[in-house]
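J.: Got a structure for you, questions after.
The values are calculated or read from the model by the stated rules, or taken from the named source; none is laboratory data. Keep in mind that this is a model prediction, so the values were computed, not measured. Here the Cβ positions follow ideal geometry from the backbone for every residue, glycine too, while neighbour counts run over all protein chains shown.
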Amino acid sequence: MTSPYSTLRLEIEDGIAEIHLARPDLLNRFDMPAHKEFAAALRTVRDKGAAVRVLILAADGRAFSAGGDFDEILEAHAQAAVRDEMVTYAREVFYGIAGLEIPVIAAVQGAAIGLGATIATLCDIVVAWREAKIADTHVNVGIVAGDGGIVSWSQSIGVNRAKRYLLTGDIMTGEKAYQYGLVTELVELPANALPRARELAGKIRAMAPMGVNGTKRAFARITAARAAEAFEFGLAQEMESIAAPELPALIDALRKR
């Protein structure tokens, strides 16, 4: 059967779903097609109900995800309709992960940048390669980190450390992220991330769903409370920064580097 997706693969077997970002040549960037398909895949997993016990988020190639696409950001700068569409799918991705009533495990085998880092930090368990680069670099482009990173990073490593990294755009390694609590499982090689995520998924699948899912729902209330404080405001601020007149020059300067 032909896959309905061009930017990812969705596989479901024996109660475990896996979404693989599948454009390694583009470093699994999140342009609008990827946003739409990722949101659709999350909805499919949700709609399977009790047939899916755990979701793993993984990626092909050397990067988990390099984040957004400069050309698309410039389109959004020029067109309010594109910014509106960005807001719609940013919400779907954020709440699509945060609102799932099953555990979500990230297998981070390479760089997780920008939205890639937000997605990883929204997961309940994060397995990462020791040398993986993790960063929210929105501010380096002159854009507000409003796609959910403020919520997910603050919840993962605390507000002060989240400020330190989201206000500078600095990169941390998987090992440093593990020391801070952003990464919960550390592996020695990129190829070890997905197998370890699958081991954990199998362990969870073997447990009674009543206990696991009820615990996940309770944790999800914490994320929802934090999102109510900052997510929508941050998203609005992000769109304002994308529309700012100086943005094209900042992107041009980054490209020239």
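J.: How about the stretch 238-253: which of its residues are farther than 17 Å from Ala145 by Cα and part of a helix (DSSP H, G or I)?
T.: Within the stretch 238-253, Pro248, Ala249, Asp252, Ala253 qualify.
J.: Still on this structure, please answer the following. Would it be correct to say that Leu235 is part of a helix (DSSP H, G or I), in contact with a helix residue (DSSP H, G or I) (Cβ under 8 Å, 6 or more places away or on another chain), more than 25 Å from Ile97 (Cβ to Cβ) and not basic (Lys, Arg)?
T.: On the way: part of a helix (DSSP H, G or I): yes; in contact with a helix residue (DSSP H, G or I) (Cβ under 8 Å, 6 or more places away or on another chain): yes; more than 25 Å from Ile97 (Cβ to Cβ): no; not basic (Lys, Arg): yes.
Answer is no for this residue.
J.: Applying the selection to the stretch 183-199, what residues are assigned to a helix (DSSP H, G or I) and either more than 16 Å from Val104 (Cα to Cα) or of a type in the set (Ser, Thr, Tyr) (or both)? Full working, then the answer.
T.: First, pick out the residues of the stretch 183-199 that are assigned to a helix (DSSP H, G or I): 190-199.
Passing the criteria: Pro190, Ala191, Asn192.
The rows are residues; the columns are (1) outside any helix (DSSP H, G or I); (2) touching a residue at least 40 places away in the same chain (Cβ under 8 Å); (3) over 26 Å from Arg255 (Cβ atoms); (4) within 15 Å of the chain's Cα centre (by Cα).
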residue	(1), (2), (3), (4)
Ala117	no, yes, no, yes
Ala120	no, yes, no, yes
Ser154	no, yes, yes, yes
Asp170	yes, no, no, no
Glu175	no, yes, yes, no
Ala201	no, yes, yes, no
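J.: Go through (1) in contact (Cβ under 8 Å) with a residue 40 or more places away in the chain; (2) more than 20 Å from Val93 (Cα to Cα) one by one and return the number of the condition Pro245 breaks.
T.: Only one criterion is unmet by Pro245, namely (1).
J.: Right, next: For the stretch 203-232, name all the residues that are free of Cβ contacts under 8 Å to residues at least 40 places away in the same chain, assigned to a helix (DSSP H, G or I), more than 30 Å from Ala81 (Cβ to Cβ) and among the aliphatic types (A, V, I, L, M).
T.: Met210, Ala218, Ala225
J.: Which one is surrounded by the most Cβ atoms within 10 Å (Cβ to Cβ) among residues in the stretch 161-203 that are acidic (Asp, Glu) and within 21 Å of Ile16 (Cβ to Cβ)? Before you say what the answer is, go through the steps one by one.
T.: Of the stretch 161-203, the ones acidic (Asp, Glu) are 170, 175, 185, 188, 199.
Adding the requirement that they be within 21 Å of Ile16 (Cβ to Cβ) leaves 185, 199.
Details: Glu185: 20, Glu199: 13.
Among those that are acidic (Asp, Glu) and within 21 Å of Ile16 (Cβ to Cβ), it is Glu185.
J.: Filtering the stretch 60-74 down to residues that are in contact (Cβ under 8 Å) with a residue 60 or more places away in the chain and of a type in the set (A, V, I, L, M), which residue is surrounded by the most Cβ atoms within 10 Å (Cβ to Cβ)?
T.: Only one residue tops the list, namely Ile73.
J.: Follow-up question, since we're still on this one. Out of Ala162, Ala145, Ala81, Ala58, report the one residue that is of a type outside the set (Val, Ile, Thr), assigned to a strand (DSSP E or B) and either out of contact with any Phe, Trp or Tyr (no Cβ under 7 Å at 6 or more places or on another chain) or at pLDDT 95 or above (or both).
T.: Details: Ala162 fails: assigned to a strand (DSSP E or B); Ala145 fails: assigned to a strand (DSSP E or B); Ala81 fails: assigned to a strand (DSSP E or B).
Only one candidate qualifies: Ala58.
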